[in-house]
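What follows is calculated from the coordinates using simple rules that are stated; it is not laboratory data. Computed from a prediction, not measured in an experiment: that's the story for all the values here. Positions of Cβ are generated from backbone atoms using ideal geometry, with glycine treated the same way; all protein chains shown enter the neighbour counts.
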Amino acid sequence: MADERVHAYADDALGEHDAVALAALVRAGEVGPAELAAAAAARAERVDAALAPVAFAAYGRPHGAEGSAKDGSAKDRSAKDGSAKDAPLYGVPSYLKDNTDLRGMPTGQGSSAYRARPARRSAGFAEQFLGTGLGVLGKTRLPEFGLNASTEYASARPVRNPWRTSHSPGASSGGAAALVASGVVPIAHANDGGGSIRIPAACCGLVGLKPTRGRVVPNAQGRRLPVDLVTDGVLTRSVRDTAAFFAAAERHYRNPALPPLGLVEGPGTRRLRIGLVVDSPVAPSDAATRAAVEATAARLEALGHEVTPAVMPFGEEFSRDFVLYWGYIAFLIATTGRLTIDPGFRANRLDGLTTGLRRLFHREFRRVPGVVRRLRRTEETYAAMFRTHDAVLSPVLAHVAPPIGYLSPNVAFEELIDRLTRYVAITPVNNVTGGPAIALPTGASADGLPVGVHLSAAHGEERVLLELAFALEADRPWRRIQD
């Protein structure tokens, strides 16, 4: 396939607006939700051949507040799907990731090991997502069960990066990232069990906030695990869209154990103490990543913050433990699939990564109790970092988005897991500890690929991250793919 930049921006109802702007146009009566949905559907169809981001499309009968994109009507489906015309993001088209149930749509989990069937009921987070006013046009693709850091498959078409189609968009929320980065929709659902919001944000030039564990409705899959890694959120092109989404989501559900977030609308006024980590403890950063982190540190200093070197207290033992825990998850999927997923589940059709992780668990299962104990203890270690810092700046990934094929599940397992461990070295910390973190598109490689940086904060301190993100975006707006 030719290496190209692909976007869907056009002179249509969506224009170049973000979600906040589109919702304002809907409230003012200048555009209808059905018109926005129809424009998004047309854009999705234009980029499909190049990017392959959509797992399931419901363009004729979308869910949520936008009504039917096919007949142009604008119906309020609030009683049925949880949307309401007074919701902050009412009428804005979006997508759900294909590992989250939405009643009437199939959930495929990125796997050919079973046949996806329409869900009988919506997941709790899907209801919260619709409660913000967003309409769902379909499902986005992910790698098998979200276990990989690239949205690639054993035999199906990969999802490609809109900035350079020869490269990966990251994962596991790779389909969502491709749709948002290419301009199909301004916002899409993503979830994160090891970096799956922040990795595709970094690869595709987007904003991706992984909230504190418990900030949104708990993820059903993660809640059943001894260490709950998974939390839901969104990918966006603007900080204000991310802030608006979490404020709207909080109207639907607020965890009383966490400080309220509310609507964050701009930079903060406090001078913050920011720790700087340039390399992960597992692998050095490549030149483009190091440059992005150091340049962002300099910008934060220029904005009045104190930036000092910090040590990431999670090294090779943490990395090994996380990989084995990932193997435990693959084992659960493979051995309980017939009971928990589908009676026709066929483990012999799982891809090479899932199968390799399952075998790793079989070889080392005796270590799992110790792994779980150590992973549970990391929350206190993480909290200790923020007794002397308000935030920590680091890379999202050790290097820029790799070419398609580099992280394919068809790569020999030992080689693939080594590549993944070196590439994804920092993001899992926030999943295990439950702390919030945001990826921001502050850099670029010499050949134009986006490079993201990572800001972490103490539990419940998403406001700190959003205020820093607003400040960086105002200081130097993110690159735009259409330029």
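Figures for the structure shown
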quantity: Count of lysine pairs in the chain with Cα separation under 25 Å (8 or more residues apart, or interchain); calculated: 14
quantity: Percent RCO, i.e. relative contact order, over the chain, from Cα pairs under 8 Å lying at least 6 residues apart; calculated: 17
quantity: Volume in Å³ per residue [convex hull over Cα atoms, computed for the chain]; calculated: 128
quantity: The chain - mean residue ellipticity at 222 nm from DSSP helices (-39,500 (n - 2.57) per run, n ≥ 4, rounded to 500); calculated: -11000 deg cm²/dmol
quantity: Segments 47-59, 193-205, 125-137 sorted - mean Cβ within 10 Å per residue, highest first; calculated: 193-205, 125-137, 47-59
quantity: Among beta bridges that DSSP assigns inside the chain, antiparallel share in %, nearest 5; calculated: 70
quantity: Environment charge at residue 275 (Cβ cut-off 12 Å; Lys +1, Arg +1, Asp -1, Glu -1); calculated: 0
quantity: Residue 376/residue 311 FRET efficiency (R0 25 Å; Cβ-Cβ; nearest 0.05); calculated: 0.70
quantity: Vicinal HN-Hα couplings computed from phi for the stretch 384-390 (Karplus, 6.51 cos²θ - 1.76 cosθ + 1.60; Hz; Gly/Pro x); calculated: 5, 4, 9, 7, 10, 9, 8
